[in-house]
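So the structure is just underneath, and the comments pick up after that.
The values are calculated or read from the model by the stated rules, or taken from the named source; none is laboratory data. What you see is a predicted model; the values in this text were computed from it and never measured. Quick reminder, even Gly has a Cβ in these numbers, built from the backbone with ideal geometry, and neighbours come from all protein chains shown. Keep in mind that these areas ignore ligands, DNA and RNA; they rest on the heavy atoms of the full protein, side chains included. Shrake-Rupley method; radii C 1.70, N 1.55, O 1.52, S 1.80 Å.
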Amino acid sequence: LKRRGYQPEALRKYALKVGLSLNDKTVSKQEFWKMVNAFNKEIVEKKANRYFVVVDPVEITVNGAKSKEVKMDLHPDYPKRGARILSAKKKIIIANSDLKNLKEGKIHRLMDYCNFIVSKGKFNFVSDEYESYKNAKNKGSIIHWLPAEEKLSVSVLLEDGLVASGVGESALSKLKKGTLVQLERMYFARLDSVGKKLSFWYLHQ
């Protein structure tokens, strides 16, 4: 549990919540993890900075998209922690699962970058502003992404023992072993090993 990123405080909170009793108490496995994960999330949510990791990556071209630097806070609630910057261009990487769910004729958004529409299998730039996406009648999905040049290899050991592989933003290479992060739109994780490939362990949603 420690290696995955569970905090001692979360288990203490659980013990206090259940309380002491002269009688035996039985808690289902599902209820136990639901409570412990909730307590743990309260703790790690404040600690964990945000990063992009794309699992099963595919490259697409957003025709007409502008090249610009996209600045995002490491943590939306703590802007003083600083920001990370992605150099966005029209060639980007998204998850294959997102690609399959992008419906034609809808306005989709690449987080903090731009809005685009899928037409006849092509991806065409629409606008930059979030408000344009928000107010669109044919609103689609908001997805995370990476510049095509970002090739930092990442793997995540999942709860069921399977390993998810993909690429992550270069800022991840600066993290120390043991760092807790939130992989945006995915889950919390702990950096288990560093090297040519970063290895994370899944924590919880």
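So how many residues does the range 153-172 have that are in contact (Cβ under 8 Å) with a residue 24 or more places away in the chain, not in a strand (DSSP E or B) and not charged (D, E, K, R)? Residues flagged as in contact (Cβ under 8 Å) with a residue 24 or more places away in the chain, not in a strand (DSSP E or B) and not charged (D, E, K, R) within the range 153-172 amount to 3.
So which residues in the range 120-152 are part of a strand (DSSP E or B), farther than 17 Å from Ile94 by Cβ and either in contact with a Pro (Cβ under 7 Å, 6 or more places away or on another chain) or open to solvent by 30 Å² or more (accessible area, probe 1.4 Å) (or both)? Within the range 120-152, just Lys139 meets the criteria.
The residues of the range 64-74 that are aliphatic (A, V, I, L, M) and either open to solvent by 20 Å² or more (accessible area, probe 1.4 Å) or under 22 Å from Glu45 (Cβ atoms) (or both), listed by number, are Met72, Leu74. Remark: pairs (first residue in the range 122-148, more than 27 Å from Ala171 (Cβ to Cβ); second residue small (Gly, Ala, Ser) and surrounded by 14 or more Cβ atoms within 10 Å (Cβ to Cβ); Cβ separation under 6 Å; 6+ apart in sequence or on different chains) are absent. Candidates are the residues of the range 153-195 that are among the aliphatic types (A, V, I, L, M) and more than 30 Å from Ala65 (Cβ to Cβ); the one that is most open to solvent (accessible area, probe 1.4 Å) is Leu162. Kindly indicate the residue of the range 1-19 that is open to solvent by less than 80 Å² (accessible area, probe 1.4 Å) and not in a helix (DSSP H, G or I) and also farthest from Lys46 (Cα to Cα) among those meeting that condition. Result: Gly19.
Residue pairs whose Cβ atoms lie under 6 Å apart, separated by 6 or more positions or on different chains, with the first residue in the range 173-201 and in a loop (DSSP other than H, G, I, E, B) and the second open to solvent by less than 40 Å² (accessible area, probe 1.4 Å), are Leu175/Leu191; Lys177/Leu191; Thr179/Leu191; Glu184/Arg50; Glu184/Phe52; Glu184/His144; Arg185/His144. Taking Asp77 as the residue in question, decide whether it is surrounded by 14 or more Cβ atoms within 10 Å (Cβ to Cβ) and either over 17 Å from Met186 (Cβ atoms) or in contact with a Leu (Cβ under 9 Å, 6 or more places away or on another chain) (or both). So Asp77 fails the test. Tell me, yes or no, whether the range 55-63 has at least one residue that is touching a strand residue (DSSP E or B) at 6+ places or on another chain (Cβ under 9 Å), over 24 Å from Leu198 (Cα atoms), open to solvent by 60 Å² or more (accessible area, probe 1.4 Å) and assigned to a strand (DSSP E or B). Yes: the range 55-63 contains one or more residues that are touching a strand residue (DSSP E or B) at 6+ places or on another chain (Cβ under 9 Å), over 24 Å from Leu198 (Cα atoms), open to solvent by 60 Å² or more (accessible area, probe 1.4 Å) and assigned to a strand (DSSP E or B).
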